[in-house]
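Just so it is clear, none of the values below were taken in a lab; they were calculated from the coordinates. A quick note: this is a predicted structure, and the numbers were derived from the prediction, not measured. So basically every Cβ, Gly included, is an ideal-geometry build from the backbone, and we count neighbours across all protein chains shown.
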Amino acid sequence: MKVLRVAICVLATLALVALAAWAYLHSGRFDIRADQRPGGLEQWIVSTLRDRSLARQTGDITPPEPFDAPTVARGALIYADACELCHGGPGRQAEPFAYGLHPVPPSLDSPVVQDGTDGEFFWVIGNGLRFTGMPAFSGLYDEEDRWALVAFLRRLPELLPADYAQLISGAGVDPSGEGPYGDPPASGP
Ligand code: HEC
């Protein structure tokens, strides 16, 4: 009998907790705005989900070949087009709207970001990160382009503004090769 009473108490407590959670979710009291730092519990849940998910899915992703200079140059051009607006670049600020996101997009040359593996970068660029403003780019850039972005990100910490400016001027991209977005468009007659 005692066991039954304990079981009923446990079930009743669980039901109450579930009801309280349901009532909270429906109450509108959760502040969904992006321009306010979330509470500790939310930050812990999101960072745990993110870290565990990345560790589980990216462990065996490695670059198909070592990064060379033309690959870095190709990555730089894509970066200037698609990433700089949120993450900034050497000597360049992100667009003002990026500071209204939560989390604010980090500088990708920072030691904490560079601690991530090549596989994590590749995966995040392709699939994006839920609960953040990081978009998934696999529909826009093929694997080669995404690896070129990773190659460029690895060079970021040592790049001076002048090096970056030179890279994004298109110098260094093999003119006879593919353009940064696949085959160059057929030129006129
Ligand atoms: C609309 C804004 C936006 C754009 C555009 C964007 N990002 Fe992000 N990115 C973010 C945000 C926000 C995060 C999440 C940061 C966090 O979790 O703290 C992020 C995270 C990342 C991370 C993971 C950083 C880490 O903490 O390990 C990488 C790598 C990254 N972005 C690369 C890129 C690349 C490469 C591009 C361009 C192809 C790009 N991003 C374009 C907003 C953006």
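Treat every Asp and Glu Cβ in the range 59-168 as -1 and every Lys and Arg Cβ as +1, leave all other atoms uncharged, and give the resulting dipole magnitude about the Cα centre to the nearest 20 debye.
The calculation lands at about 340 debye.
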As a test of the formula, what do you get for the chain when each DSSP H run with n ≥ 4 contributes -39,500 (n - 2.57) and the sum is divided by the residue count, at 222 nm and rounded to the nearest 500 deg cm²/dmol? -16000 deg cm²/dmol
Listed highest first by mean packing, meaning other Cβ atoms within 10 Å per residue, what order do 112-123, 13-24 come in? 112-123, 13-24
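For LEU11 and PHE97, what does the FRET efficiency come to when R0 = 45 Å and r is the distance between their Cβ atoms, rounded to the nearest 0.05?
So the FRET efficiency works out to roughly 0.40.
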Ranked highest first by average number of other Cβ atoms within 10 Å, how do 96-102, 86-92, 145-151, 35-41 line up? 145-151, 86-92, 96-102, 35-41
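With 10 angstrom as the radius, rank ILE78, ILE32, ILE45, ILE8 by how many other C-beta atoms surround their C-beta, starting from the fewest.
Ascending Cβ contact count within 10 Å gives the list ILE32, ILE8, ILE45, ILE78.
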Could you tell me which of VAL6, GLN43, GLY91 has its Cα farthest along the dipole of the chain towards the positive end, charges placed at Cβ (Lys, Arg +1; Asp, Glu -1), taken about the Cα centre? VAL6
Report the calculated FRET efficiency for ASP60 and HIS26 (r = Cβ-Cβ distance, R0 = 30 Å), to the nearest 0.05. 0.10
LEU4-ASP68 pseudo-label distance in nm [points 7 Å out on the Cα-to-Cβ vector]: 7.8 nm
Find which of VAL113, SER138, PRO64 sits farthest along the positive direction of the dipole of the range 59-168, computed with +1 on the beta-carbon of Lys and Arg, -1 on that of Asp and Glu, about the Cα centre. VAL113
